[in-house]
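J.: Here it is, the structure in full.
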Amino acid sequence: MTRFIFIWAIICFLFAGCKEKQVEFRANACKGSPVFVKRVAGFITPKSYFSTSEIRKMGLVLVENQGSQEKPSLRYYQHSSWKNAGWLSPIQLDETGNVYTAPAPFINVLDNPLQKQNTIYKVDGVTGEMREFFQIPLPDSLNSNNPYGVLGLLYFCEGNILYASTIAGSDRHVIRGGIYAIDIKERKIVDHLPQVDAIGMGISYVNGERRLYFGTGRSSEIFSVQINADGKFGGKPEPAFTLEGLGPRGDDKVRRIRSDENGNLLVYGIEFNYNLIAPREKPEALYEFWYNNEGKKWWCKSINSKTTSTE
């Protein structure tokens, strides 16, 4: 019997005949609340949020709305270390309240050296201090024509994995980016999806599988790849759906993806062309997709277009 099991395991390995058993749906919603928000900043947690898009405040900013959505009354907090990495972009929290972010230049690269494109920073959930957390290997082809590196961060609750997407070294014609699965506890790369210029990423559970969804900076198409419980990739990326022909522009790129409690995907689309653009206003569209189990396809349920002022 033992010999039969051993032989069957070899067959599965050689011919990919065995798949991980089906998994139950989860919302991948385990983000913890940083202790320092109340203890250090004195802010009320439910009314506070982190931002890297404050046009007059470089770095990470903690914002508290003491008013309402209709009549906001904002106050700000910045730890002294939150400006050390220059302008930042992606923000992601883990289950213990630590905050992860990465550099992204704004208007110019004076505050964001190319050598720091692939550096991930961690804000301690207790003290609020920001330090370098992990450096993704840099390609040999860095150039000022593409000032970007890590543009997407996503925390995977089951595996305690931080996914980081980078487009460092890529240009309009050559893909040199990739998606890295980083074990937060061990601070090491456990898997790597090469030749992918991904930006926004999200996780959803469909057909009994965990799947990582991501959009690229080159097209409006969204791809997906199976992920295992340990965060490693379980196959190759496959086309999932597209934003082409949808929304006010018809060619949006994915900035961010998140799933709701029902497994629907909320896709935030923007214009993106691998260069620094500083518009007075940032047009963005929110696309809601739901999965049709019978047809085995994603369908666009709604589109909400808005313009965010950078003034």
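No value in this document is a laboratory result; all are computed from the given coordinates. Here the structure is a predicted model, which is why all the values come from computation and not from measurement. Positions of Cβ are backbone-derived with ideal geometry, glycine not excepted, and every protein chain shown enters the neighbour counts.
J.: Along Cα→Cβ, 7 Å out, is where each label goes; now give me the distance between the ones at residue 271 and residue 303 in nm to one decimal.
T.: 1.6 nm
J.: Using a cut-off of under 19 Å, list every residue of the range 103-137 whose amide N is near the label point 7 Å from the Cα of residue 53 along the Cα-to-beta-carbon line.
T.: Label zone hits: 103-108.
J.: Taking amide H positions as placed in the peptide plane 1.01 Å from N, state which residues far from residue 227 in sequence (5 or more) or on other chains have amide H under 5 Å from it.
T.: HN-HN under 5 Å from residue 227: 210, 211, 212, 234.
J.: Please arrange 253, 185 by counting, for each residue, the other beta carbons lying within 10 Å of its beta carbon, fewest first. Mind showing how you got there, number by number?
T.: Working: 253 21, 185 7.
The fewest-first ordering by Cβ neighbours comes to 185, 253.
J.: Here are some pairs, 83/122; 38/116; 122/253; which of them have Cα atoms lying more than 19 Å apart in this structure? The partial results should precede the final answer.
T.: Working: 83/122 13 Å; 38/116 31 Å; 122/253 27 Å.
Going by Cα-Cα distance, 38/116; 122/253 fall outside the 19 Å limit.
J.: Below 8 Å between Cα atoms, with a sequence gap of 6+, how large is the relative contact order for the chain in percent?
T.: Numbers: 752 pairs, mean separation 35.8, N = 311.
Relative contact order of the chain: 12 percent.
J.: A further question on this structure: Nearest 10 degrees, 0 to 90: what angle lies between the long axis of helix 2-15 and the longest principal axis of the chain (Cα atoms)?
T.: 60 degrees
J.: In addition: At q = 0.11, 0.22 Å⁻¹, what log₁₀ I(q)/I(0) does the range 63-139 have when each alpha carbon counts as one equal point scatterer in the Debye sum?
T.: Each listed q maps to, in turn, -0.35, -1.04.
J.: Something else now. In which sequence would 267, 123, 225 go, from the one with the fewest C-beta neighbours within 10 Å to the one with the most? Show your work: numbers first, answer last.
T.: Values: 267 28, 123 25, 225 19.
By the 10 Å Cβ count, ascending, the order reads 225, 123, 267.
J.: For the range 55-156, state which trypsin sites (Lys or Arg not before Pro) are in a DSSP loop and have at most 14 other beta carbons lying within 10 Å of their beta carbon.
T.: Working: sites: 56, 57, 75, 83, 116, 122, 131; in loops: 56, 57, 83.
Counting only loop positions with at most 14 other Cβ atoms within 10 Å, the trypsin sites (Lys or Arg not before Pro) in the range 55-156 are 56.
J.: Once the piece of chain linking residue 288 and residue 129 is laid out straight, how much longer is it, given 0.36 nm per residue of separation minus the C-alpha distance between them?
T.: Working: separation 159, 0.36 × 159 = 57.24 nm, distance 3.57 nm.
Gain on stretching residue 288 to residue 129: 53.7 nm.
J.: Moving on. How far apart, in nm, are the 7 Å Cα→Cβ label points at residue 69 and residue 236?
T.: 4.4 nm
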